[in-house]
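Throughout, read-outs are computed from the coordinates displayed, never taken from laboratory work. Just so it is clear, the model here is predicted, and its values are computed rather than measured. Cβ coordinates were reconstructed from backbone atoms using ideal geometry, including for glycine residues, and neighbour counts include every protein chain displayed.
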Amino acid sequence: MGEGPFRARSARRTIRLMQTDPARSGPLRVVLVDADERVRESLAGLLCIGDQLCVVGSTGQTGPAIEIVLATSPDIVVLDPRLPEPEAGLAFIGRLRAVAPGVRVLVMSPTDPFEQGDLVGSADGFIRKTFRPSDLVAAVIAATLPLAG
């Protein structure tokens, strides 16, 4: 991770961002959105092993998530849709798609995807929070691949 992280203040929380150049090639850029900071830190540690993925930002709130996405131009957002905010889940995915149409979304939830209905249908991938580390990396990569046509 050659670039140094910088801090941005928003919504009374400190959000860690990483300066990135969207035009550069290299690892897939990932933003993590989960209400639990420990989960975000663990996910960042798992995803940064190896050279395929790079976590460029993380937050536990939707407003700062939009700011991070606009500032870092990630390839994918890994999202736990159960954020404790009115605009979480399906509404947040819609807002995310409106401001960053090219970003992919991987929904990560402790419940079965069939219980998530429209939420999973609006995302590019789904993984249960009971995943193995290698399954998470594979799910992030798969969610960024184009659909076979």
Order these by the 10 Å Cβ neighbour count, fewest first: C54, C48. C48, C54
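Provide the gained length on full extension for the span E87 to R132, in nm with one decimal, where the gain is 0.36 nm per separating residue minus the Cα-Cα distance. Spell out each step's value before the answer.
On the way: separation 45, 0.36 × 45 = 16.20 nm, distance 2.91 nm.
Net length gain for the segment: 13.3 nm.
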When only Cα pairs under 8 Å and 6 or more residues apart are kept, what is the percent relative contact order across region 25-144? 23
What distance in nm lies between label points placed 7 Å from Cα along the C-beta direction at S73 and S25? 1.6
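Rounded, prolate or oblate, given the Cα gyration tensor of region 25-144, with a/c below 1.5 counting as rounded? Present the calculation step by step, with values, prior to reporting the outcome.
Values: a/c = 1.37, a/b = 1.12, b/c = 1.23.
Rounded shape, in that the Cα axes give a/c under 1.5.
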